[in-house]
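The structure appears right after this line, and notes come after that.
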């Protein structure tokens with residue numbers, strides 16, 4: 001991925017990781033289109049930055065995604081980077097029958113959203129020089145957080161999808177996976193100041209530094225996520241799962257959750 005001069009579409013760009021990275025890409029010389037459902041949040045994120053543009057989209061709306069993609073290509077014909085960042089995370093109790101609304105929404109947004117938007121833009125991207133697709137997964141793609149089972153499964157699915165996408169697009173479009181650790185954002189209640197989670201600005205700085213590497217790593221991994229990413233490879237999956245489950249419960253309790 002070029003280190004400046006890109007035109008980037010960032011979903012989930014109105015807050016959290018998406019907003020922080022959009023600012024860093026903007027400041028290094030990229031044009032960024034931030035997209036999401038909440039226009040007010042997007043406008044706030046773009047304020048004072050001339051190369052950040054705002055567009056609304058609901059990735060749960062398949063027809064809407066297709067129309068959105070067509071409009072983006074028309075308005076920004078130099079678009080060369082798709083950054084699939086939008087996602088939700090819900091805690092779920094699997095020990096009894098329940099309302100599956102949260103689980104179904106997680107699948108729609110976290111799995112079908114990136115698949116739909118990638119599909120809608122792929123014919124454009126394969127024709128662009130220096131094209132790239134970035135998928136945001138999670139350390140939980142590799143060791144699940146049992147309190148958020150559908151979220152963890154959705155990120156594992158997108159990790160697998162990214163591997164296939166990278167292989168099929170080799171030589172045409174660069175495919176990069178960003179797998180964050182727990183980061184202090186508003187992804188879940190109380191997470192923005194949860195003890196033990198990585199501060200957002202420190203995370204964004206570390207990620208931005210890796211995006212300056214040439215060639216860009218195919219997996220963007222800060223040090224704090226290696227505990228999860230390497231667990232199975234290092235033969236400590238069961239131990240890591242137990243530690244993660246206990247640690248997460250303690251962190252949520254300390255943060256009032």
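Results, tabulated for the structure shown:
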{"item": "Verdict on residue 104 being under 26 Å from residue 245 (Cβ atoms), touching a residue at least 12 places away in the same chain (Cβ under 8 Å) and more than 18 Å from the chain's Cα centre (by Cα)", "result": "no"}
{"item": "Total residues in region 41-90, condition over 21 Å from residue 158 (Cβ atoms) and in a strand (DSSP E or B)", "result": "5"}
{"item": "Criterion violated by residue 241 - all others in (1) surrounded by 15 or more Cβ atoms within 10 Å (Cβ to Cβ); (2) closer than 30 Å to residue 80 by Cβ; (3) out of contact with any strand residue (DSSP E or B) (no Cβ under 9 Å at 6 or more places or on another chain) satisfied", "result": "(2)"}
{"item": "Residue that is surrounded by the fewest Cβ atoms within 10 Å (Cβ to Cβ) [pool: residues in region 143-172 that are in contact (Cβ under 8 Å) with a residue 60 or more places away in the chain and more than 14 Å from the chain's Cα centre (by Cα)]", "result": "146"}
{"item": "Residues (surrounded by fewer than 19 Cβ atoms within 10 Å (Cβ to Cβ) and either under 27 Å from residue 122 (Cα atoms) or touching a residue at least 24 places away in the same chain (Cβ under 8 Å) (or both)) located in region 175-196", "result": "186, 189, 190, 193, 195, 196"}
{"item": "The one condition in (1) within 16 Å of the chain's Cα centre (by Cα); (2) in a helix (DSSP H, G or I) that residue 186 fails to fulfil", "result": "(2)"}
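Only the coordinates and a few stated rules stand behind these numbers; no lab work does. Computed from a prediction, not measured in an experiment: that's the story for all the values here. FYI the Cβ positions are ideal-geometry reconstructions off the backbone, even for glycines, and counts take in every protein chain you see.
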